[in-house]
Every structure is written in C-alpha cells, then in structure tokens.
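**Q** Have a look at this one.
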Amino acid sequence: MIEELRKKAEELLKNDTVKVVFGYGEGSVPERTRPVFITKPEDVNKLTWNKYCVYNLTTYLKRQETRKLGKPAIIVKGCDARTIIVLLKECQIKREDVYILGVTCDGVGDPLATKCESCDVHTPRIYDDLVGEKKENKEVPFEERYAELDEYEKLGEKEKWEFWQKQFSKCIKCYACSNMCPLCFCDRCIVEKNQPQWIDSSAHARGNLSWNVTRAYHLAGRCINCEECQRVCPVDIPLNLLNKKLAKEAEKNFDYRPGYSVDDELAMSTYKEEDSQEFFK
Amino acid sequence: MSKAEAKPENQFEPKIIAFLCNWCTYAGADLAGTGRKEYQANVRIIKLPCTGGIDPLFLIKAFERGADGILVSGCHPGDCHYNSGNYHARRRWNVFRPLLEFCGINPDRIQFSWISAAEGGKWVETINGIVDAVRELGPFESYQKLNTIGPETTGEATAASGETG
Amino acid sequence: MEKLLNKNKFDTLIAGLKKQGYKTVAPKKDNRLVTLEEVQDASEISLDHVITNNSIKEFFFPKTEKILSYTLDKNKVEMEEPKGFAVKSVIFGTRPCDAFSLPVMDKVFNWDCSDKFWVERREAITIVTISCDKSDSYCFCTSVGLAPDAKQGSDVLLTKISNDEYLVETVTEKGENLVKEMESVFSDPPGTPDRQVATVEEKFDLKKIKPWLDDNFEHDVWDEFSNKCIGCGACTFVCPTCHCFDIVDECTMTKGDRVKNWDGCQFTMFTMHTSGHNPRSTQGMRWRQRIMHKFKYYVEKFDSTLCVGCGRCSRVCPADMNISEMLELIETEAGK
Amino acid sequence: MDNIYRPYLMTISDMTDEAPGVRTFRLNFSDEEEGKNFKFQTGQFGLYSVFGAGESTFCIASSPTREDYIECTFREAGRVTKALRELNVGDTIGFRGPYGNVFPIDKWEGKNLVFVAGGIALPPLRSVIWNCLDLRDKYKDVTIIYGAKTVDDLVYKNELKEWEARDDINLVTTVDPGGETPEWTGKVGFVPTVVEEAAPDSNDTIAIVCGPPIMIKFTLPVLEKLGFKHDKVYTTLENRMKCGLGKCGRCNIGCTYVCKEGPVFTAEEISKMPDEF
C-alpha cells in the first residue's frame, strides 16, 4: 500500500496535477508519524502509511504556510474525508482546488483510537483516487457510536461538574486543540478578540470553562470526531467527549451527521419547523 | 409589595438574567407592567432584536457575572419578526443546553420560553416559576467560586495555593 | 554533606516536612499523566517516569497569576498588592534539567529589575531533585551542557544507588538546612555508592549552533522545518525555560485584577501590532524566534542557553516537530 | 520587594482633541510625593493603563523640561485606547515608566536639528522638539518637516501654528496628495519627497525621523542622498510590548529588546538589525 501511495503521489507531482502532496512521514520515534509535504517527485519515498497515521491532515488546508505551497493532493482516511466534506459545505475549499487521495483504513493508533472502534467510513466517502482495497462501510448503530458517553452521562450533576472542573483545571490555554482542528478555521478566534473580551484569556477556572465549552459548541453539528483535539492536548483533557456529546445531540435532534454527504444541509445553518422544543415553556 | 412583606428573613433572592426578543417577549413583559401585574423583582432584562441573535456566550457571561438563573425568551414558532430567527435559536439551544448539562450545570438554571406580546400573564407566570425554581436550587455557588482569580484558584498543582507560609 | 535516604523513609520525610509547615509537591500519576503537584503523603508519589509532564516552571511562574488588584469607585482607584503567593514549599523529585531551568530564568527575571513574583517564590521553595535513572529518545540534556545527575539549581540532589536507596547530596545552604531539619530520616552514606544514572546520548555540539545562528537569520530551513507547525503554544507552555507572558485586566464594574498569563512566541497574535502589522507574520519567523531566543539571543544577553534539554516540547508537539532534530540539522548545515 | 508591575496613579488634568480619533491627555501624579520624585528623559515611553481594560504602550509626548505633568497622545485603535477615550478630566489612569533609552540631546548641542515626522508619529518627536526648543540657544538651526494624510490628521495643530510663527524654527508641513483643503497653505506631497525638496543641509546636522514603517523606509535613502551619515539619523521604533522591562519577550528585533535598548536607535543601529520589523 505504501508503494501504491508513493507511486500515485509521484505521478500526480510529475504530471503537475498538484504542486504538493500532504502525507504522512516517519516520525521522531517509531510510534509516531508526522505530516510531510512532498513537493518533488523524487521525495515520495518519504511517504509512509502505518497504524500511527492518526493525524487529520486536512488541518493543513487552512494554514497559510501550507496553502502557499500550491494545489495539494491530500492523503485522507475515511474520517478525514468527512472533514473535507464539511469544509466543502462551509465553502472553505473548492473541490477543484484539492486532489483527494483516499486511503482505506482498518483503524489507527496503538492502542486503537476510540474513533476507530465505531468507524463506519473505512473507505472514504469522497475521493479522486483510492489507494488500498475497498472496504465495506458498515452502518454502526447509534447507541454503539456514542457508547463512550454513557458512563459520563450517567453521572450526577455534581459529579459531572467536578469531573469537568478537574479536567478543565489542567488546561494551560495553549490552544493546540483549536489550532489542530481542521474546522477551527477562523482567522481570528473568539478568544483572541478583546472588544469585548468574551472569553478570559487566563488559564484559570473561569476562563478555562468558558473556553472549553465555547470551543466545543462552535463545533456543534460540524465536528466529525477525528479526535485530534484530544490527541494533541498536552494535559490530556478528554475534549472529544464534549464534541461527541454535541454530535450525539445534533444527530438525535436533527437527524444529522456531518461529513457524510455533500448534499446535506449544514445542521446549524438550517432548521425544521418540527424541531424539538420539549424544554421550552 | 405583598410578596416582599411576606418574605422570610434571609431568604435567598436569586439573580435572574432574562434575554428577551424585542418584538414578543419584551412587549409581553411590558404588557404585564402596563397591566400592573405583580411578579417577583429578581429579573434583569436584556433586550435583543431577536432570540436568533443570542450567542450562547451571553449565557456563559451572565453566569460569570453572577447570575443564578437565566431566561431566554422570544416569539412563538412562526411568529418571528425576522421569519426564522427563533427557529435557528431553537436549534442552538437544542445542542447547547445538553452541553451545559453534560458539564454539570443544572438545566433548570437556564429556561427557555416563547411568550408573545399579548401574553403578559404568561410572562408573570414564567418569571415567578423560574425565580422559585432557582431559589430552590440556591445560589450558583459552584460557578461563582470560579470567579475568584488569584492564588486560591490557580489550581491544586500550584505552589501558590493556600496561605502564606 | 552526603547522606543516605531509604525509600521507606519517604513517608516520614513528607510527613515531617508538612509538620514543619512546608507545602509538599511531588510527581503524582493520574491516568496517562505524571504531574508535579501537591501531595499529602508519600503514597501519592510516583517515581516510575522519565520526566513529569508539567515542568517546574509553574511553581515559580504560574500559568496565570494576579500581579495587582484594584477597586474602582467612579473615578477613584485603590490598588492592592497580591499577597500569599510565595508559599514555603519543598518540591520533591523534580529532575535535574528542571532544576537547572531556575538559575537560567533567574537571569531574565532579575534583568535590571526584579520580578518579585518570581524572586519571592524562589526564596520560599526548596528543590529536592532526583537524578534520572532512565531517559528516552527525546532527552538531550547532555547536548546543552547538563547531565542526568547535574546539580545546578537543586538544593538537594538524590541519586538512586539501589532499588530502595538514594544517595543524598546537599548542594546549597538551603538544602543543607532542610536535611538538618529532617535529620532523623537520613542515615550515613555507604563508602562507594553505585550511582544509577541514565545515559543520555549527546545529539549535537552546542558550540557549533550559535555561530551558525549568527549568520543565518535568513535561511530556507526555518520555513521548511516549520511548515508542519500548527501554531499552538504547547511547546512554549510545557517548556521549563520559556518565560514569555501577557498582561491582561479582568474586572467587574467595581473591582478588577491585573493578571500575568503565559504567552508564547508561536502564536500569530503574539507580536501583532494594533494596526494589524505583524513583524513575525509567518510560522517560519516564529519558529526561528524560538530557536534564536534559546540558542543565540539569551546566550548573548545572559551567557546561558535558554534550553535545558528536557525534550518536553518535542514530546507534546502535535505535529511531531522535534527540537533536537532541528539542532542536529543546524549542526549539519554548519558543517557544510 | 517592590512590584515592578505596579503603576503610578495619574489624574487626567486636561485633554485636547488633536485629530479624528487622536487625543492628548495631560496627566498629573495623584500622589504629589511620587510626582516630585519622578524623572524622565526625552525619548522614553511608558505603559498607560485604564483599570479594567488593560495597559498600552506609548511614548511620553511632553518634554522633561515641563516638570509638573506628563502628556500622552494616542489614537483610538484597540481596547485600551478605546477605554482611554471614554475617560474625562478628573479620571484616574495608571502609568508605569519611564522605560527605555533616550534621545542623546546633550550630544547634539551646537548642531543643526532636522525633525521629520509622519502622522501620529509626531508625539515622540514633540517631546524632543520641545526639549530642544526649551534649550533653544544650545542648538543651531531647527527644521521640522511634518506630514499627515489629510489636513485634519495633522496633530498638535496649535503647536504647529506656534512653531510656524517663530522665526527660529523652519517648519514645513505637508499633506498627502488629495488630503489638502482649499485653505491649505502648506505643501502637498509625501514626506520623503518633501524632505528631498526641502533639502536640509546635512553638514553638522542631526536628523530625527519618526513615522510609519513605510515612511521611514523611503525617507532614510533620501537623507542618505542629502549626505546624512547613518549615525547622525535617529528614529524610534515601536513593537508590541506587555511589560516594558525586558521580561515578557515579544518586542525584540533579533537580539535587541526595543523596550530596554530602544526605543531610540540610530539608522546605523537599525541597519545592523535583522529584517524583523
């Protein structure tokens, strides 16, 4: 599969279909890979593919440093391809400006990443070219997809508060979560705006709660649960639980899952008259 | 007045912030006033053009600044002055409310309602309802405690916590 | 002064320190993280790690701290000095690289004028370091002039000499006093202790780095190496020697605090002018600033490298940017 | 130990609107004792704070020869300057300083002085201009070349009139093409061009230039052409700052900390700095 990827990348660079290939390269230790940006056909051997390819490379579609390398071919797993669909829907990229090199995937991470346990996109749902044997995207039941939340949803109000306060107290406001997130693409994040200062930039209890809640909320109905925020958090806050909770609510209330089809309407920019309002008085 | 006189001593008086749409609920509250209807005086109203313009951050900010409870209220579905603002708002609260609940914030502290310009009576009921409910819950101490910055809240992991040695 | 400390005395030591009014901080394990934090007794201490996830920095320069409080009444302002930030403490079981970061940072926090929030904490806290008995591939203390059993910055240094025993060496008067205070838990050291110290491979030659940096402010390597950087502040925040900060006001209508927060040179907004002009407008420039600050500017200003080789930045980097790899690359470039 | 981040409390005793969005405050120490002990030299800056909004860095725009007060001039641009503009005479602000180095006016004695400023960059020069004017007999010819986008944008309009009226100052004012009004009697053109036309004699002359980066970039070559040596040209730099004390780590240009080794630099010093402005 690595050979096939390299061959494909080489071809795309040689025939000038793209200027750069966003892919995975060997990391600083065997248990890690790192993003690589291949601009010369002779460098394609730097590309690799293994179970440590956890990154969602689509985040580099938003960064000016990598955008200026020219039209990219981007290696995406099924989950990453969902991000591409959201980015297309949100008009952040144009379809013709990116060449999608899909890879089929049995799961990444060691131990297997949580996101892979309930994967229903082993084969990307959007691609220009597919590398690897096509796999069936078996539907995973709703309960199973959100099973991770059960133990937290069961907690009492006080326990929930204490659990999250303990988690948020660790936050150092490094913003790795939002910088890594391919869907956090605002030029200037709400936390960087100070007129007014909606979110305290200090890493104290108050600032950390408003930051983490807002970050998660801004991804409501958009997050495809690639878990990158959680993976990169240097203080190990289970951020994806928040994202997943929102995804669950969006799916439950609006019957919507982001990144499955370019034809869907975005959940948070539309409405239905029959939307739930049971909690309204 | 009668309520105030009947008030038991040291009874907790919650601070309620109400985010109201200009066209329906605010007018409804106004109607309650012109109709000389009495309701508990714990509410501070913030008038906005439309519930669709209420960012969830407003709610967070209200708690940060000491609110014990929040009411968000606008036009009934179908009645929005801007056609669909309240529908969009409803979507937002449909996900935001569970998120807060998931983080351990009692959903009873945030209430949502549709009150039209003609429903002065419903306004009175709603306010009395939320004030009583939040009074029952007590002050939102767990959130308000977050507000003290300085050595005492820089986290357990910090040498700076505790008293001067 | 040399002594011997048996692991089974940790309990008495921590209890004794607490009795003497010390706040005790030590490595504690929670799930995947090992962090330095307050412990109530020795059973909470975890020593089975290469290095703690958080650095010692936050005990002297917290991620957020009040530097001034005030009350506002119409146009009258009353200022109040923060109190109680310097707590008599012992940090037990930090690593030599972390301990060394303190004398390095003393230089900037005392440059011409002293930051009392740093200085008073320095005075209040005693550092009991444990030499590293293991290392990982991210460690490079030996490349920046340190060693897994270096003493600089520690008040007391413990080095493992058997499964249960540590050799205790006092480094400063403060350390000596601490050992005296706790005399009963220590015993006399053996004649020829077998010091169990990790080996850390020397990855680059520091002497070759600065001359290259002097000449290569403009170089393709800055952009090429950093194009995977996502511009977060994880590296700077976990770094024991990154000391950049922001000052912000947080207030209500009647009172407020002026707060000093960690800030990092990798953020776009860090240097942005109000006009929108940004002297360091690309990630390459910001990455260059980080390397230059650590291995050139600080050396010129304070005759000290602003890096202790702990490797934390490389461990946490979301994009696997590795600082020692960068320096190895510079060494190679310098050799060309 | 003293808290280096603790500001002096200052009372706004007067304010002047200079141009759209630009205002000058005259500030007096709330504590007289502090005021008596306070000394600064021209070129230095400080951190002005609105309690509740934060701190912002600008120069001290008044001359140290006027001892009873300090003045600052700011344009409303960000959070702090916006809050500053909402204040009135009698309100209290914070001030930390003076920080940074100074214009070496002693070294300039007996020489001609040429001041070149653009837009909102006149305030730092105003301090040194008044300083030199208050010691007028120590210097030979004084030329001031000042330009702004429009007539409205010229700051210190009253002082410009006063300088114009004096016969011991050669004042040249200019506005960018299109920025003139029918009554405008000054020049029309960009500052570098006007400097070239005015062609001040470079012999035994010090030039002090302050303005937006683009103006400085084009003015320095003009001065060079007129024969000004790099070490005879002074400017002040600005960078984002938080502490003003060399600790917060953001104002450096290469190895140079603007807050401590600046803000005053000669063109020669600047030419040696890496391109990181």
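The values are calculated or read from the model by the stated rules, or taken from the named source; none is laboratory data. Worth saying up front: this structure is predicted, and the values here are computed from it rather than measured. Neighbour counts run over all protein chains shown; Cβ positions are idealised from the backbone, glycine included.
**Q** Show the residue pairs that are 6+ apart or on different chains and have beta-carbon atoms under 7 Å apart, the first residue being within the stretch A:197-210 and in the same structural domain as residue A:175 (by TED's automatic domain parsing), the second being at pLDDT below 90 and surrounded by fewer than 24 Cβ atoms within 10 Å (Cβ to Cβ).
**A** Within 7 Å, the pairs are A:202/B:149; A:204/B:149; A:204/B:153; A:205/B:146; A:205/B:153; A:206/B:146; A:206/B:147; A:209/B:146.
**Q** Right, something else. Yes or no: the stretch D:121-142 includes at least one residue that is buried (at least 23 other Cβ atoms within 10 Å of the Cβ) and within 14 Å of chain C (Cβ to nearest Cβ). So that I can check it myself, show each step before the final result.
**A** Just the residues of the stretch D:121-142 that are buried (at least 23 other Cβ atoms within 10 Å of the Cβ), to begin with: D:121-129, D:132.
Next, from what is left, pick out any that are within 14 Å of chain C (Cβ to nearest Cβ): D:121.
Yes - at least one qualifying residue is present in the stretch D:121-142.
**Q** Pick out, from the stretch D:50-148, the strands (runs of 3 or more DSSP E) lying fully within it that include 3 or more residues that are in contact with a Leu (Cβ under 9 Å, 6 or more places away or on another chain) and of a type in the set (A, V, I, L, M).
**A** Result: D:112-118, D:142-148.
**Q** Still on this structure, I have one more. Residues B:55, B:108: which one is within 18 Å of residue A:278 (Cβ to Cβ), modelled with pLDDT under 95 and either touching a strand residue (DSSP E or B) at 6+ places or on another chain (Cβ under 9 Å) or facing chain A (nearest Cβ under 10 Å) (or both)?
**A** Values: B:55 fails: within 18 Å of residue A:278 (Cβ to Cβ).
Step by step, each of B:55, B:108 is checked, and only B:108 is within 18 Å of residue A:278 (Cβ to Cβ), modelled with pLDDT under 95 and either touching a strand residue (DSSP E or B) at 6+ places or on another chain (Cβ under 9 Å) or facing chain A (nearest Cβ under 10 Å) (or both).
**Q** Name every residue in the stretch B:35-70 that is over 17 Å from residue B:105 (Cβ atoms) and in contact (Cβ under 8 Å) with a residue 40 or more places away in the chain, in order of residue number.
**A** Within the stretch B:35-70, B:35, B:37, B:38, B:39, B:40, B:42, B:43 qualify.
**Q** Scan the stretch A:202-221 residue by residue and report those that are part of a loop (DSSP other than H, G, I, E, B) and touching a helix residue (DSSP H, G or I) at 6+ places or on another chain (Cβ under 6 Å).
**A** So the first thing to find is which residues in the stretch A:202-221 are part of a loop (DSSP other than H, G, I, E, B), and the list is A:202-204, A:218-221.
Within the stretch A:202-221, A:204, A:219, A:220, A:221 qualify.
**Q** Next up: Looking at the stretch A:249-270, which of its residues are buried (at least 21 other Cβ atoms within 10 Å of the Cβ) and touching a residue at least 60 places away in the same chain (Cβ under 8 Å)?
**A** Once the filter is applied, which keeps residues that are buried (at least 21 other Cβ atoms within 10 Å of the Cβ) and touching a residue at least 60 places away in the same chain (Cβ under 8 Å), the stretch A:249-270 yields A:258, A:259.
**Q** Restrict the check to the stretch A:245-261 and report whether at least one residue is over 30 Å from residue B:83 (Cβ atoms) and outside the structural domain of residue A:90 (by TED's automatic domain parsing). Walk me through it before giving the result.
**A** Of all residues in the stretch A:245-261, those over 30 Å from residue B:83 (Cβ atoms) come to A:245.
Keeping just the survivors that are outside the structural domain of residue A:90 (by TED's automatic domain parsing) gives A:245.
Yes, the stretch A:245-261 has at least one match.
**Q** Just checking, does the stretch C:17-33 include any residue being surrounded by fewer than 16 Cβ atoms within 10 Å (Cβ to Cβ), out of contact with any Gly (no Cβ under 9 Å at 6 or more places or on another chain), touching a residue at least 24 places away in the same chain (Cβ under 8 Å) and under 20 Å from residue C:126 (Cα atoms)?
**A** yes
**Q** Six or more apart or on different chains, Cβ under 6 Å: which pairs go from a residue in the stretch A:215-236 that's more than 10 Å from chain C (Cβ to nearest Cβ) to one that's part of a helix (DSSP H, G or I) and hydroxyl-bearing (Ser, Thr, Tyr)? Could you list them?
**A** Close Cβ pairs satisfying both conditions: A:215/A:178; A:224/A:83.
**Q** Say we look at the stretch B:59-78 and pick out the residues that are touching a Phe, Trp or Tyr at 6+ places or on another chain (Cβ under 7 Å) and assigned to a helix (DSSP H, G or I); which of these is surrounded by the fewest Cβ atoms within 10 Å (Cβ to Cβ)?
**A** Result: B:61.
**Q** Which residues, taken from the stretch D:240-277, are more than 11 Å from every other protein chain (Cβ to nearest Cβ) and either in a loop (DSSP other than H, G, I, E, B) or among the aliphatic types (A, V, I, L, M) (or both)?
**A** The answer is D:262, D:263, D:264, D:267, D:270, D:272.
**Q** Same structure, new question: Looking at the stretch C:27-56 only, could you name the residues that are small (Gly, Ala, Ser) and either closer than 19 Å to residue C:139 by Cβ or within 11 Å of chain B (Cβ to nearest Cβ) (or both)?
**A** First pass over the stretch C:27-56, keeping only residues small (Gly, Ala, Ser): C:42-43, C:46, C:55.
Correct list: C:46, C:55.
**Q** Of these, C:109, C:100, C:117, C:92, which one is in contact with a helix residue (DSSP H, G or I) (Cβ under 6 Å, 6 or more places away or on another chain) and closer than 30 Å to residue C:180 by Cβ? Before the answer, list the steps.
**A** Working: C:100 fails: in contact with a helix residue (DSSP H, G or I) (Cβ under 6 Å, 6 or more places away or on another chain); C:117 fails: in contact with a helix residue (DSSP H, G or I) (Cβ under 6 Å, 6 or more places away or on another chain); C:92 fails: in contact with a helix residue (DSSP H, G or I) (Cβ under 6 Å, 6 or more places away or on another chain).
Within the list C:109, C:100, C:117, C:92, the selection yields C:109.
**Q** I'm checking my understanding of the structure. Among residues of the stretch A:179-199 that are closer than 24 Å to residue D:78 by Cβ and surrounded by 23 or more Cβ atoms within 10 Å (Cβ to Cβ), which one is farthest from the other protein chains (Cβ to nearest Cβ)?
**A** A:199
**Q** How many residues does the stretch D:17-49 hold that are without any contact (Cβ under 8 Å) to a residue 24 or more places away in the chain and either part of a strand (DSSP E or B) or surrounded by 19 or more Cβ atoms within 10 Å (Cβ to Cβ) (or both)?
**A** Qualifying residue count for the region: 2.
**Q** Just wondering, is there one or more residues in the stretch A:255-262 that are more than 10 Å from chain C (Cβ to nearest Cβ) and farther than 27 Å from residue A:57 by Cα? Steps first, answer last, please.
**A** First, the residues of the stretch A:255-262 that are more than 10 Å from chain C (Cβ to nearest Cβ): A:255-262.
Narrowing further to those that are farther than 27 Å from residue A:57 by Cα: A:255.
For the stretch A:255-262, residues more than 10 Å from chain C (Cβ to nearest Cβ) and farther than 27 Å from residue A:57 by Cα: present.
**Q** Then there's this: Give the residue that is nearest to the other protein chains (Cβ to nearest Cβ), with candidates limited to residues of the stretch C:245-289 that are aliphatic (A, V, I, L, M) and in a helix (DSSP H, G or I). Let's see the steps before the verdict.
**A** Initial filter on the stretch C:245-289 (aliphatic (A, V, I, L, M)): C:247-248, C:253, C:259, C:269, C:272, C:285.
Subsequent filtering for residues that are in a helix (DSSP H, G or I) retains C:269, C:285.
Working: C:269: 5, C:285: 7 Å.
Restricting to residues being aliphatic (A, V, I, L, M) and in a helix (DSSP H, G or I), the top hit is C:269.
**Q** Applying the selection to the stretch A:1-48, what residues are among the acidic types (Asp, Glu) and within 23 Å of the chain's Cα centre (by Cα)?
**A** A:26, A:31
Rundown of residues vs (1) closer than 22 Å to residue D:111 by Cα; (2) surrounded by 15 or more Cβ atoms within 10 Å (Cβ to Cβ), yes/no style:
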site: D:161; (1), (2): no, no
site: D:174; (1), (2): no, yes
site: D:183; (1), (2): no, no
site: D:208; (1), (2): yes, yes
site: D:227; (1), (2): yes, no
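**Q** Additional query: Which residues, taken from the stretch C:56-81, are in contact (Cβ under 8 Å) with a residue 24 or more places away in the chain and farther than 26 Å from residue C:169 by Cβ?
**A** Going residue by residue through the stretch C:56-81, those that are in contact (Cβ under 8 Å) with a residue 24 or more places away in the chain are C:56-57, C:59-61, C:63-73.
Answer for the stretch C:56-81, where residues must be in contact (Cβ under 8 Å) with a residue 24 or more places away in the chain and farther than 26 Å from residue C:169 by Cβ: C:61, C:63, C:64, C:65, C:66, C:67, C:68, C:69, C:70, C:71, C:72, C:73.
**Q** Does any residue of the stretch C:124-141 turn out to be within 14 Å of chain D (Cβ to nearest Cβ) and more than 16 Å from residue C:6 (Cβ to Cβ)?
**A** Yes - at least one qualifying residue is present in the stretch C:124-141.
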